Amino acid sequence: MQTGVCRLLCQQGNQAPAETDATAPCVYARCQSIRHGTADTAGDGTEGDDQAEYGRSACTVGRVGDEVNQKPLRPCNQYGCSNLTRKRFCDSHSDSQTQQTRDYDRYGRDSKTKAFYNSTAWRKLRAMIKIRDNGLCQMCLVDKRIVIGTIVDHIIPIKVDWQLRLTENNLQLLCHSCHNKKTAEDEKRVKRV
């Protein structure tokens, strides 16, 4: 009996288990087994006895820990670094992200605003807005897409009007990408004024 990724790929390749020869190799090129569950995994000359007995496949493609399930390698985000990594920064620059966040919190963020976002009133109101908006991004709903919202955003930024910071009608739930788009637009508008 076939299991896992290879079973799906074999079926997509129009090789249903009943239609193929028991000794035919798997359609999936990276699979080294011969018809799932029939490979000699014990090395004793008996094909598949140990695997068939427990109902497992000899095929290991697509299992957790296999390179198929990992993100592709990409260059480190540190300027001038060409190391490849699966994260944002390579191991030698992994502390750069935390340092950037720490510097922004220390020097870039207004202390009055920081105190507001850490207040109990804001945390309670934020939880209420998430419930009110059913946990969905409001900008994506306008575009008829269902996306989970993660950030409660001020429609009129608190830098523009501090008095509206705890007004329910001035708050909306947004996904991360919509929040980034809206914040960029707000910053452009504020710089023009």
For N83, other-chain or 5+-apart residues with amide H closer than 5 Å (H placed, Pro excluded) are C76
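Tell me, what is the FRET efficiency for R86 and K181 to the nearest 0.05, using R0 = 41 angstrom and their Cβ-Cβ distance as r?
Step by step, r from the Cβ atoms, then E = 0.95.
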Give me the net charge of N118's neighbourhood, meaning all other residues with Cβ under 12 Å from the Cβ of N118; Lys, Arg count +1, Asp, Glu -1.
-> +4
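With 10 angstrom as the radius, rank D133, D161 by how many other C-beta atoms surround their C-beta, starting from the fewest.
So the ranking, lowest neighbour count to highest, is D161, D133.
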Along principal axes, Cα extents of the stretch 132-193, largest first, whole Å = 34, 23, 16
For the peptides 70-77, 143-150, 103-110, what is the packing order when you average, over each peptide's residues, the other Cβ atoms within 10 Å and list the highest mean first?
-> 143-150, 70-77, 103-110
With N denoting the number of residues in the stretch 60-193, provide Rg(C-alpha) divided by 2.2 N^0.38 Å, to two decimal places.
-> 1.35
With the label point 7 Å along the Cα-to-beta-carbon line of M128 and a cut-off under 18 Å to each amide N, the hits in the stretch 154-176 are 154-156, 163-174
Mean Cβ count within 10 Å, highest first, over the residues of peptides 121-132, 174-185 = 174-185, 121-132
³J(HN,Hα), Karplus 6.51/-1.76/1.60, whole Hz, each residue of the stretch 173-188, x for Gly, Pro = 8, 10, 7, 4, 5, 5, 5, 5, 5, 5, 5, 5, 5, 4, 5, 5
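The numbers here are math on the coordinates, done by the rules we state, and not lab data. In this text, all values refer to a predicted model and were calculated from it rather than measured experimentally. In this analysis, Cβ positions are derived from the backbone assuming ideal geometry, glycine residues included, and neighbour counts consider all displayed protein chains.
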